[in-house]
Every structure is written in C-alpha cells, then in structure tokens.
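The values are calculated or read from the model by the stated rules, or taken from the named source; none is laboratory data. Just so it is clear, the structure is predicted and the values come from calculations on it, not from any experiment. Please note: Cβ atoms are built from the backbone with ideal geometry, for glycine as well, and neighbour counts cover all protein chains shown. Calculation scope for accessible area: heavy atoms of the full protein, side chains included, ligands and nucleic acids excluded. Shrake-Rupley method; radii C 1.70, N 1.55, O 1.52, S 1.80 Å.
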Amino acid sequence: DGVFALLLDDTTDTGAMWTAERVRDAITGVEPDAVLWAGVACYPAHGLTTDEVLDRADIALDAAREWRQHRIEVASAVES
C-alpha cells in the first residue's frame, strides 16, 4: 500500500530527515507524481520505550499527511 518504516541505528532526528529527503528524491526520480510524507521520532529524545517512539512517529506522520505536498515532520520532544 506504499507504507514503509525505516529504523535507523544511532541516528539523530536531523540525520533521519536527511535520509527521508534522499528516499523522497529516489522515489520521485522513478515516480515523479509520488508524494512522500514522513514522521520522525528518535530515542531517547521522543520516547524512552519502543511504544513511545513509535507512537510519536505515528503522530508526526499524521501531521505530515495533512499537507498535500512532500512533508517531513519531527515528533515533539518528551517532557521531563
């Protein structure tokens, strides 16, 4: 259905955004009309457990999908 997840070891949110941009460029190079929406969340900045990080990534992805064009959203940081 066109949905993919990438798990990047030892990668900051900035590094994850750069990776998503490279994926977007590769996809649109083959399929120019494709749109990439991405939600980025990193451990421990966005969650301390797997479920927390995945939930925050999902929320960020939902926010990205609100746009018609390409969009990469980074999750909000965990409050201490």
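Probing with 1.4 Å while keeping every protein chain in the model, the per residue accessible area of the stretch 23-80 equals 71 Å². Would you mind checking the stretch 35-67 for residues with the amide N under 20 Å from a putative spin-label position 7 Å along Cα→C-beta of Thr28? Answer for this model: 35-40, 61-67. Give me the percent of the accessible area of the chain that comes from carbon and sulfur atoms, probe 1.4 Å, all protein chains in place. Here carbon and sulfur together make up 53 percent of the probe-accessible area.
If R0 equals 25 Å, the separation of the Cβ atoms of Thr11 and Asp51 corresponds to a calculated FRET efficiency of about 0.80. Largest GNM mean-square fluctuation across Glu66, Glu21, Glu52, computed for the chain with C-alpha springs under 10 Å, falls on Glu66. Under the combined filter of DSSP loop state and at most 11 neighbouring Cβ atoms within 10 Å, the chain retains these trypsin sites (Lys or Arg not before Pro): Arg68. Calculation over all alpha carbon pairs of the chain in 5 angstrom steps from 0 returns a P(r) of 3, 16, 25, 26, 16, 8, 4, 1, 0 percent.
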